[in-house]
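See below for the structure under consideration.
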Amino acid sequence: MLPIRECVNQTPGYVPGEQPQTTDYIKLNTNENPYPPPDKIFDTLQQELTKVRLYPDPVSTQLRKAASKVFGVSYNNILAGNGSDDILNIAVRTFVNPGETVAFLDLTYSLYETIAKVHGALIKTIPTNENFELDGPLICPEAKLVFLASPNPPLGKHLNREYLEETCKQATGIVLIDEAYIDFSDENHWDFLEKYDNVIISRTMSKSYSLAGMRVGFAISSLGIIEQMDKVRDSYNLDRIAQTLGSNCFEFQDYFKQIWQQVRNTRTRLTNSLKNLDFLVFDSDANFVLASPQWIAASELYTKLKEQKVLVRHFKHPRINNYVRISIGTDPEIDRLLEVINKLKNAT
Ligand SMILES: Cc1ncc(COP(=O)(O)O)c(C=O)c1O
């Protein structure tokens, strides 16, 4: 028998969205940004490539300084992660002993469950209501760590602000607010950081800054929290290229703001078009929408779209297995998606 920890053996493992090995798909399944970063971010890359023999800056100084200008906090209050997934992992390992509790919603980013379980933590899931939303503050006195994403996948809506604030106020442990999709909305939760000393905000460059392939994320919190998390992270958790491209991207705020607006415009158009095609669709604050076709099983729609080289996400979770989650693509990509759906609908 191999000496595998029981909690690892018992965990099925995280199932990421499909990354096809060919480029002929319209990829609307993993909430990437459909627009590339500006070419100029690669200008200093060659210089970096000549230094690959040397370890990168262990504490990602330039990147954190660039982030600090955008986030409006000192770089000492920022920890850089290898994607925000790294930040979530570091949080579990910093604040939760095996056998202690991590709490999150029953429908949310499914990685929270995986990283808590493989750590040997107990998990407490808080039910969302029939609209997949919080029904009140998340009260779980035994939780050492609460994960709350706002906007929350797979719905894509912000959590109710008052409930969220009450959760921070009443929590006895840490509350990590995952703002992965924040730039596609008008709200953020910086004020909670100022008011509550148990709050961490996580951010990523994967979605709004078009760098999913580079793995750049952040934790923003008080010095006391960041200093402890810093001890837990891998010593060189971001490579040279990620640090360089991440820092460079932050310089192009106007470019990215334009893209975020474009994604929001397309999101509105997609939502309305799907409604006209007899889908139940929720308004979204993120770069994806959750939609349920009323004339075909969602699993079948997923398969038929895939046959036509359009990839969306279908989840087996019983509460949402009649929905598909569609990432916002470019306008031509969304046109093609709608064209295929239209044909499928006319054929039923
Ligand atoms: C809520 C949420 N948080 C974090 C992530 C992961 O982000 P990253 O690419 O920075 O690891 C995702 C990715 O889908 C997500 O949906």
Considering the range 68-97 alone, what residues qualify as being within 15 Å of the ligand (Cβ to nearest atom) and among the charged types (D, E, K, R)? 85, 86
Exactly one condition in (1) more than 16 Å from the ligand (Cβ to nearest atom); (2) in a helix (DSSP H, G or I); (3) within 22 Å of the chain's Cα centre (by Cα) is not met by residue 65; state its number. (3)
For the range 98-133, what are the residues that are within 16 Å of the ligand (Cβ to nearest atom) and in a loop (DSSP other than H, G, I, E, B)? 106, 107, 108, 109, 110, 128, 132, 133
In the list 90, 4, which residue meets the criterion of being out of contact with any helix residue (DSSP H, G or I) (no Cβ under 7 Å at 6 or more places or on another chain) and among the β-branched types (Val, Ile, Thr)? 4
For the range 308-316, check the following and say yes or no: at least one residue is at pLDDT below 95 and either of a type outside the set (Asp, Glu) or surrounded by 13 or more Cβ atoms within 10 Å (Cβ to Cβ) (or both). yes
Kindly provide the set of residues from the range 185-209 that are part of a loop (DSSP other than H, G, I, E, B) and farther than 13 Å from residue 242 by Cβ, ordered by number. 185, 186, 187, 188, 189, 196, 197, 198, 207, 208
Which numbered condition in (1) in contact with an Asp or Glu (Cβ under 8 Å, 6 or more places away or on another chain); (2) outside any helix (DSSP H, G or I) is the only one that residue 241 fails? (2)
Apart from one, (1) assigned by TED's automatic domain parsing to the domain that holds residue 19; (2) touching a Pro at 6+ places or on another chain (Cβ under 9 Å); (3) aliphatic (A, V, I, L, M) all hold for residue 289; the odd one out is (2)
Looking at this structure, is residue 217 in contact with a strand residue (DSSP E or B) (Cβ under 8 Å, 6 or more places away or on another chain) and either within 10 Å of the ligand (Cβ to nearest atom) or modelled with pLDDT under 95 (or both)? yes
Odd one out for residue 212 among (1) in a loop (DSSP other than H, G, I, E, B); (2) of a type in the set (Gly, Ala, Ser); (3) over 19 Å from the mean Cα position of the chain (by Cα); (4) over 25 Å from residue 174 (Cα atoms): (3)
Just give me the residues in the range 147-172 being outside any loop (DSSP other than H, G, I, E, B), of a type in the set (A, V, I, L, M, F, W, C) and either under 14 Å from residue 282 (Cβ atoms) or away from the ligand (no atom under 14 Å from the Cβ) (or both), in sequence order. 164, 168
Within the range 27-58, restricting to residues that are surrounded by fewer than 17 Cβ atoms within 10 Å (Cβ to Cβ) and aliphatic (A, V, I, L, M), the one that is nearest to the chain's Cα centre (by Cα) is 45
Every pair of residues 6+ apart whose Cβ atoms lie under 6 Å, when the first sits in the range 263-284 and is within 21 Å of residue 187 (Cβ to Cβ) and in contact (Cβ under 8 Å) with a residue 40 or more places away in the chain while the second is of a type in the set (Asp, Glu) and crowded, with 19+ Cβ neighbours inside 10 Å: none
Among the residues of the range 88-97, is any surrounded by 11 or more Cβ atoms within 10 Å (Cβ to Cβ), among the basic types (Lys, Arg) and not in a helix (DSSP H, G or I)? no
Within the range 184-197, the residues that are under 14 Å from residue 220 (Cβ atoms), in contact (Cβ under 8 Å) with a residue 24 or more places away in the chain and either within 16 Å of the ligand (Cβ to nearest atom) or touching an Asp or Glu at 6+ places or on another chain (Cβ under 7 Å) (or both) are 189, 192
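The values are calculated or read from the model by the stated rules, or taken from the named source; none is laboratory data. Since we're looking at a predicted model, the values are computed, not measured. Every residue, glycine among them, receives a Cβ derived from its backbone with ideal geometry; neighbour counts consider all protein chains shown.
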